[in-house]
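Each remark here refers to the structure printed beneath this line.
The values are calculated or read from the model by the stated rules, or taken from the named source; none is laboratory data. Note that the coordinates shown come from a computational prediction; the quantities given were computed from them, not determined experimentally. Reconstructed Cβ throughout: ideal geometry from the backbone, glycine too, with neighbour counts over all protein chains shown.
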Amino acid sequence: MHDIINGVNNDRSYAKQMVIYLVPFGYLFYASFFGLFNFDHLDFLSLHWNQNTDPYCLLYSPINTWRLAIPISYNFLSIMGIENCQFLKVMGPVRLIPFIGKALNEYVFPICLVLAIIITVSDGYNRIKRCFGY
């Protein structure tokens, strides 16, 4: 993916660049917000059709949308290696916590993410629940 982006940057084609950046970025937003807006826990904090949603749920929706949108955008820009954009000028660089160390951000968090994905794909949550009798 990095070679594709470098090739597009060399061509200076704005349309190609936007397509290559927006397709994975759009998928990240779709996958994140699909889970957020399909959270129906006994109709608590869910959106309803025909203007039947109560005010608390209407406030919950944009608050959590922005709680997800900013970190997704920041992580996407850092993964793609984009350094000169307006978003980063406004948000600034993330300051890493020095006493935790660089290894935690580079190794521990990605390993935890991969483990969560493997457990989800292999239906590990239901297996763990069955071990405890639920």
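When you check K89 against the structure, is it over 19 Å from the mean Cα position of the chain (by Cα), surrounded by 10 or more Cβ atoms within 10 Å (Cβ to Cβ) and modelled with pLDDT of 70 or more, yes or no? Here the answer is no, as K89 does not meet what is asked.
Select from region 51-72 the residues that are of a type in the set (S, T, Y) and in contact (Cβ under 8 Å) with a residue 24 or more places away in the chain and write down the one among them that is surrounded by the fewest Cβ atoms within 10 Å (Cβ to Cβ). Result: T65. Here region 95-134 is the region considered, the condition is being of a type in the set (S, T, N, Q) and at pLDDT 70 or above, and the residue that is nearest to Y74 (Cα to Cα) is T120.
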